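The values are calculated or read from the model by the stated rules, or taken from the named source; none is laboratory data. None of these values were measured; they are calculated from a predicted model. We place every Cβ from the backbone using ideal geometry, glycine too, and count neighbours over all the protein chains shown. Areas reflect the complete protein model, heavy atoms only, side chains present, ligands, DNA and RNA absent. Shrake-Rupley method; radii C 1.70, N 1.55, O 1.52, S 1.80 Å.
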Amino acid sequence: DLVLLSWNSSEALRACLEGLFAHTDVPSRLIVVDNASDEPSVKPQLEALRPGGLIERVEVLWNASNEGFSKGMNRGLRASSAPHVCLLNNDIVPAPGWLSRMLEVAEQHADVGIVNPDSNTFGSRPSPGMALADHARRLEPRRGEWLEVGSCVGFCFLIKRAVLDRIGLLDETLGPFFYEDEDYCVRAQQAGFRCAIVPAAYVHHIEHHSVNRL
C-alpha cells in the first residue's frame with residue numbers, strides 16, 4: 001500500500017503522481033489522503049485518478065481540515081492492509097526501481113523494519129543535466145546493499161506490517177509536522193527493528209515544500 005499525503009501544491013502533486021504511475025514496479029494500492037486542499041485544481045486532479053500500470057487500486061480519502069502529518073498519514077495507515085506500507089509526501093518524484101529495490105532489502109532482512117530510498121535529502125544527486133531515470137540506472141549495481149541509520153526520514157518511509165503490529169501508528173501528539181518520523185524510528189528500534197537506507201533506490205525530494213508554504 002502506498003499512502004500519499006496531499007495538501008495543495010498541484011504542480012508538485014502532478015509530478016509525484018506521474019512518477020508513481022510510471023515507476024511503481026510492484027503491484028500496489030494507492031491511498032491518497034487529502035488534507036483539505038484549497039487550491040481549486042487539486043480536487044479534480046485527485047478525483048480523476050484511476051488505476052494504471054502496477055498501481056492496481058486507487059482510493060482517495062478527504063479530510064475536512066488540515067490534520068497535519070501524523071493524523072493524515074494515520075488515516076491512510078488505518079485504511080491499509082498490505083504486508084508493507086510506504087508513506088509518501090506529495091513533493092517527491094520517484095525514479096525507476098524505487099519501490100522494488102527497497103522491498104528487496106526489507107524482505108531479505110527480518111529485522112529491517114523501516115526503509116528509506118536514497119535521495120538528494122541524503123546528498124545523492126544526479127550529475128548536472130542527468131535525468132532521474134539515468135541516475136537510477138547508475139545506482140542499480142548497488143541492489144541489495146543497505147546502510148543502517150539511526151532514523152529514517154518521512155518523505156518516503158517504507159514500514160513493515162510487523163512494525164505496525166508491534167508499535168502501532170504515528171504519535172498524533174507530535175506535530176503538526178517534524179519529529180514524528182524520528183519518534184517512530186526510536187519506537188521501532190526499541191521494539192527490536194532496524195532502520196535502513198537503500199542506495200540503489202532513488203526518490204527526489206523537494207524538501208519542506210509544504211512546510212515552507214505554511
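Taking the Cα centre of the chain as origin, sum charge times position over the Cβ atoms of Lys and Arg (+1) and Asp and Glu (-1), and report the length of that vector in debye to the nearest 20.
Taking the Cα centre of the chain as origin, the dipole is about 320 debye.
Got the relative contact order for the chain handy, in percent, Cα pairs under 8 Å and 6 or more residues apart?
Relative contact order here is 27 percent.
Per residue, how much accessible area does segment 83-177 have with a 1.4 Å probe, in Å²?
Heavy-atom accessible area per residue stands at 42 Å².
What does the charge count around Leu49 come to, taking other residues whose C-beta lies under 14 Å from its C-beta (Lys +1, Arg +1, Asp -1, Glu -1)?
Overall, the nearby charge balance is 0.
Probe radius 1.4 Å, ligands and nucleic acids ignored: give me the carbon and sulfur share of the accessible area of segment 1-95 as a rounded percent.
Its accessible area is 52 percent carbon and sulfur atoms.
If I histogram all Cα-Cα distances within segment 21-125 using bins 10 Å wide from 0, what percent of pairs lands in each bin?
Bins of 10 Å from zero give 12, 41, 37, 9, 0 percent of pairs.
Which is farthest toward the positive dipole end of the chain among His84, Cys152, Ser9, measuring Cα position about the Cα centre, with Cβ charges +1 (Lys, Arg) and -1 (Asp, Glu)?
Checking the options against the dipole of the chain, the answer is His84.
Let me check I've understood the local charge: for Asp171, count other residues with C-beta under 12 angstrom from its C-beta, Lys and Arg +1, Asp and Glu -1. What total comes out?
Its environment carries a net charge of -3.
Determine the calculated [θ] at 222 nm for the chain from helices alone, applying -39500 (n - 2.57) to every DSSP H run no shorter than 4 residues and normalising by the residue count; nearest 500 deg cm²/dmol.
My calculation for the chain gives -10000 deg cm²/dmol from helical runs alone.
Ala201's amide H: which non-local residues (gap 5+, or another chain) put their own amide H closer than 5 Å, with H modeled 1.01 Å from N in plane and none for Pro or chain starts?
Asp118
Using the Karplus curve 6.51 cos²θ - 1.76 cosθ + 1.60 with θ = phi - 60°, what ³J(HN,Hα) values do you get for each residue of segment 151-156, in whole Hz, with x for Gly and Pro?
7, 8, 10, x, 5, 7
May I ask for the net charge around Asp183, where only other residues with Cβ less than 13 Å from the Cβ of Asp183 are counted and Lys, Arg are +1 while Asp, Glu are -1?
The answer is -4.
If you filter segment 95-178 for trypsin sites (Lys or Arg not before Pro), then keep DSSP loop positions with at most 15 other Cβ within 10 Å, what is left?
Answer in residue order: Arg143.
Could you work out Rg/(2.2 N^0.38 Å) for segment 49-206, with Rg from alpha carbons only?
1.03
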